Amino acid sequence: MVETFQTQLVEMMPSLRAFGTMLCRSRDRAEYLTQDTMIRALSKEAQFQPGTNLKAWLFTIMRNLHIDAMRQRKREAATDLDGDMFDNLQVSPASQDSRLILKELLRSMDRLNNDQREVLSLVGGHGLAYEEAAAICKCPVGTVRSRLARARRELEYMMMGDKPLETSRDARRAREVRVLA
């Protein structure tokens, strides 16, 4: 049985919701973003090339829609400085250690810069290849690898409380001199 475009699109909804939640940091906004992505994908079905990666194509659409929405909100915020974006924030107590760890991880991910958080989500969270993530982020594969390495190192630092390992050439030389002395 050959899967139709619409069937494949429906199968991608959980991944789209997860990626949307990572981008928006809000389930409600992520749901709207997922719906907008589905609508855009259906309207642009003719542009999709069968045999290529549908997931990467959908994530690219979602990312572009999210960026457009952020720009729109930024323009609106500049004209309406009275609005408080934290009015609807709800806090619920954690009932298990794993929930506390997950909350800390999400808080730590929020402190990463947007590029690192996005690459970490695409590669680490959604299992995309470096090349697919590079196509979505519109940057070279080496940049994706670099952002991912930095994101992982920063997360480890934030979660464990240890200093991040210094990776610059000067830092390595300084360690070598200390060892030799």
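The values are calculated or read from the model by the stated rules, or taken from the named source; none is laboratory data. Since the model is a prediction, treat every value here as computed from it, not as a measurement. Virtual Cβ from ideal backbone geometry, glycine too; neighbours counted across all protein chains shown.
A few notes on this one:
Results for (1) within 28 Å of M12 (Cα to Cα); (2) out of contact with any His (no Cβ under 8 Å at 6 or more places or on another chain); (3) modelled with pLDDT of 85 or more, shown as yes or no for each residue.
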residue	(1), (2), (3)
S95	no, yes, no
S98	yes, yes, no
L106	yes, yes, no
L122	yes, yes, yes
A133	yes, yes, yes
K138	yes, yes, yes
L165	no, yes, no
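- Entry remark, the stretch 1-28: residues being touching a residue at least 40 places away in the same chain (Cβ under 8 Å) and farther than 20 Å from G127 by Cβ number 3 in total.
- Within the stretch 1-35, considering residues that are surrounded by 14 or more Cβ atoms within 10 Å (Cβ to Cβ) and part of a loop (DSSP other than H, G, I, E, B), the one modelled with the lowest pLDDT: S26
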